[in-house]
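**Student:** Take a look at the following structure, please.
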Amino acid sequence: MDQFTILRLDCVGSTMVEAQDKPPGTVIVAEEQTAGQGRMGRSWYSPRGAGLYCSIVLEPAQPAPVLTLALGLATKEAIERTASIGCDLRWPNDVLIAERKVAGVLVQLQEDKVIAGIGINVNHARFPAELASLATSLRLVTGVEYSRELLLANLLDSVECYCELLESEGSAVILRLFAQASSYVSGRRVLVDEVAGVTDGLDPSGFLWIRADNGRRLLVRAGNVRPR
Amino acid sequence: MTLEEIKQLVQVVIESGVAELEVTRGENRVRIRRTARSAAQEMVLPPAAAMPPAASAPNPSPAPHAEAAAAAPAADESLSYVKSPIVGTFYEAPAPDAPPFVRVGERVTPGQVLCIIESMKLMNEIEAEIAGTIVARLVENGSPVEYGEALFAIRPD
């Protein structure tokens, strides 16, 4: 993809919905979302002017699940370049600072098109009580406000870069980069939904191995990975 | 339909791995639906593991249950099967507390969303390609599916 076309909207339900019928290369950015989407019907807190809420329409040569790991890496890199702070990745693609979620990535596959929804908490001064212990923003971490424009430019750069890397080098390199960038890939005590265990690396598709406390080795394809 | 026949149908459902089956005979109609699995529903054993699948494993059983499978819709050549384009987890609804996209017995039209297959937060909405009636849902909500695994059986209009 040579160039992105950015469509700026004020208040939308969800950028994911706005992106549905758009051609590859389109980026929908909104000031505010009233129904920001998370995984499995969950919401993404999207107050006006505080975060970067965008959906990017991509057309990868092979839309594979490993793309979601690449998008997590791209989001982490964009945040690190913009705010000069280190982030962690929680499988498959939550971006964390000090164990609190600063960005989330949700990907929808539509035939050959992929819609990547990326939400980054940038200048939030506070979160509602139910999110306060789970979420953070760049501003809350550093005390500084950041330009969402610069962050978007960095994000699109990184997304393009990682998508090209995936296409030219294949998924193995993405898996290696992810394993280096994420403290969650191995040796981490986690709870996956109701199963407790220790993470034990990625399989060739990017799925997460868990050595469960009951002795079984399990492969997680989808689910909530949480520390314990 | 006699109690004995219903018992036989239940047995077919158990042995074949079909998640939901509806049979109409004259004015009688019976729908058998396996209950959702709990706990480790998003986990799968590695393919290489020698352990037999748990009793509630939803995978359509291969050879050992060939006889039962033959009686289940899985063997009906007049049916059209919706298959998973990716390895992932099957969800019958857009959210845990939302109603399923479709139920057995419902008529569907091309382009209608039937389910979601999630693979590492890659959400793949599976649509009907033909018009017809859903006669069986072949996997349970929240269970792992393989590439090419049949998800629904549709009787074309």
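The values are calculated or read from the model by the stated rules, or taken from the named source; none is laboratory data. Since the model is a prediction, treat every value here as computed from it, not as a measurement. Ideal geometry is used to build each Cβ from the backbone, glycine not excepted, and the neighbour counts take in all protein chains shown. We work out accessible area using only protein heavy atoms, side chains counted, and drop any ligands, DNA or RNA first. Shrake-Rupley method; radii C 1.70, N 1.55, O 1.52, S 1.80 Å.
**Student:** Quick check: anything in segment A:51-68 farther than 17 Å from A:Leu165 by Cα and in contact with an Asp or Glu (Cβ under 6 Å, 6 or more places away or on another chain)?
**Tutor:** no
**Student:** Pull up segment A:94-126, narrow it to residues that are farther than 23 Å from A:Val141 by Cβ and of a type in the set (S, T, N, Q), then point me to the one that is farthest from the other protein chains (Cβ to nearest Cβ).
**Tutor:** Among those residues, the one meeting the criterion is A:Gln110.
**Student:** How do the strands (runs of 3 or more DSSP E) wholly within segment A:71-188 filter down when requiring 3 or more residues that are open to solvent by less than 20 Å² (accessible area, probe 1.4 Å): which remain?
**Tutor:** A:94-97, A:100-110, A:113-121
**Student:** Given the criterion within 26 Å of A:Ala172 (Cα to Cα) and not hydrophobic (A, V, I, L, M, F, W, C), identify the matching residue among A:Thr142, A:Thr75.
**Tutor:** Sole residue among the options that is within 26 Å of A:Ala172 (Cα to Cα) and not hydrophobic (A, V, I, L, M, F, W, C): A:Thr75.
**Student:** Right, something else. Consider B:Ser80 carefully, then state whether it is under 27 Å from A:Trp91 (Cα atoms) and of a type in the set (S, T, N, Q).
**Tutor:** Here the answer is no, as B:Ser80 does not meet what is asked.
Okay, residues lined up against (1) surrounded by 16 or more Cβ atoms within 10 Å (Cβ to Cβ); (2) assigned to a loop (DSSP other than H, G, I, E, B); (3) aliphatic (A, V, I, L, M); (4) at pLDDT below 95:
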residue	(1), (2), (3), (4)
B:Glu67	no, no, no, yes
B:Thr89	yes, no, no, yes
B:Ala95	no, yes, yes, yes
B:Phe101	yes, yes, no, no
B:Gly111	no, yes, no, yes
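**Student:** Hey, another quick one. Restrict the check to segment A:93-102 and report whether at least one residue is within 12 Å of the chain's Cα centre (by Cα), among the charged types (D, E, K, R) and assigned by TED's automatic domain parsing to the domain that holds A:Gly143.
**Tutor:** Yes, the conditions are met somewhere in segment A:93-102.
**Student:** Right, another one. Please determine, by comparing only the residues of segment A:41-69 that are within 12 Å of the chain's Cα centre (by Cα) and within 11 Å of chain B (Cβ to nearest Cβ), which one is surrounded by the most Cβ atoms within 10 Å (Cβ to Cβ).
**Tutor:** So, considering only residues that are within 12 Å of the chain's Cα centre (by Cα) and within 11 Å of chain B (Cβ to nearest Cβ), the one surrounded by the most Cβ atoms within 10 Å (Cβ to Cβ) is A:Leu69.
**Student:** So, A:Ser168, is that one over 17 Å from the mean Cα position of the chain (by Cα) and within 22 Å of A:Leu73 (Cα to Cα) or not? Give the steps one after another, and end with the answer.
**Tutor:** Working: over 17 Å from the mean Cα position of the chain (by Cα): yes; within 22 Å of A:Leu73 (Cα to Cα): yes.
Criteria met by A:Ser168.
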